[in-house]
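Here's the structure, in structure tokens; my notes come after.
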Amino acid sequence: MRQLIFTLGMVVLAAAIGSGQTPAAPELKVGDQAPDFSLPASDGKTYKLSDFKGKKAVVIAWFPKAFTQGCTIECKSLAQNGDKIRKYNVAYFMASVDPVEANKGFAEQEKADFPLLSDPTKETAKAYGVLSERGFAQRWTYYIGKDGKILAIDKAVKPATSAEDMAAKLGELGVEAAQ
């Protein structure tokens with residue numbers, strides 16, 4: 001019996017490895033160190049989480065796909081109400097697994113005055129646990145402290161009020177005011 005269970009376990013493991021599936025990253029929680037990243041953005045720059053450590057908090061608003069209805073509403077909210085977020089010492093981004101060219105066009109169309117990060121390899125999305133089975137990022141927002149640790153994870157983002165909700169959460173978390 002023990003041999004049968006071991007053999008079945010090895011078959012399942014071999015099937016997973018053979019299918020190209022990678023094991024899921026452990027689920028991130030508040031207090032965990034946020035995975036570092038280096039991602040190209042709609043403004044032509046590359047952003048690394050580690051560049052902000054000790055300097056400012058970071059918010060990453062993951063979204064499923066550029067130019068889609070909910071994502072457009074969320075981007076407009078952040079673009080039109082960014083002044084509320086900029087009251088805090090924070091760098092904020094939207095991020096998706098779209099190519100940088102798509103996010104650049106999307107940012108221009110929606111007059112986004114903040115960078116949209118692109119993760120076409122999906123490695124960062126996997127590290128943050130936002131990659132859905134369909135290959136898109138889930139609409140989750142990560143709040144990361146100056147120390148690089150996760151302060152909050154919002155898995156119930158409301159696109160129409162995302163900027164106001166983000167600003168309120170920054171205040172609730174005690175993120176320092178911008179200088």
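The values are calculated or read from the model by the stated rules, or taken from the named source; none is laboratory data. Only a predicted model underlies this, so the values are computations on that prediction, with no experimental measurement involved. Counting neighbours? That spans all protein chains shown, and the Cβs are built from the backbone with ideal geometry, glycine included.
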Fill in: segment 37-59: number of residues that are in contact with a Ser or Thr (Cβ under 7 Å, 6 or more places away or on another chain) and outside any strand (DSSP E or B)
1
Discussion item. Just to check your reading of the model, which residue among D147, D165 is under 16 Å from V30 (Cβ atoms) and of a type in the set (D, E)?
Written reply: D147
Worksheet entry | Count of residues meeting criterion [buried (at least 21 other Cβ atoms within 10 Å of the Cβ) and either out of contact with any Lys or Arg (no Cβ under 7 Å at 6 or more places or on another chain) or part of a helix (DSSP H, G or I) (or both)] in segment 60-70 | 3
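With respect to P99, determine if the residue is farther than 22 Å from I144 by Cβ, at pLDDT 95 or above and not acidic (D, E).
Spelling it out, P99 is indeed farther than 22 Å from I144 by Cβ, at pLDDT 95 or above and not acidic (D, E).
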Practice prompt. Take K122 and decide whether it is in contact with a Ser or Thr (Cβ under 7 Å, 6 or more places away or on another chain), at pLDDT 95 or above and over 25 Å from G171 (Cα atoms).
Written response: no
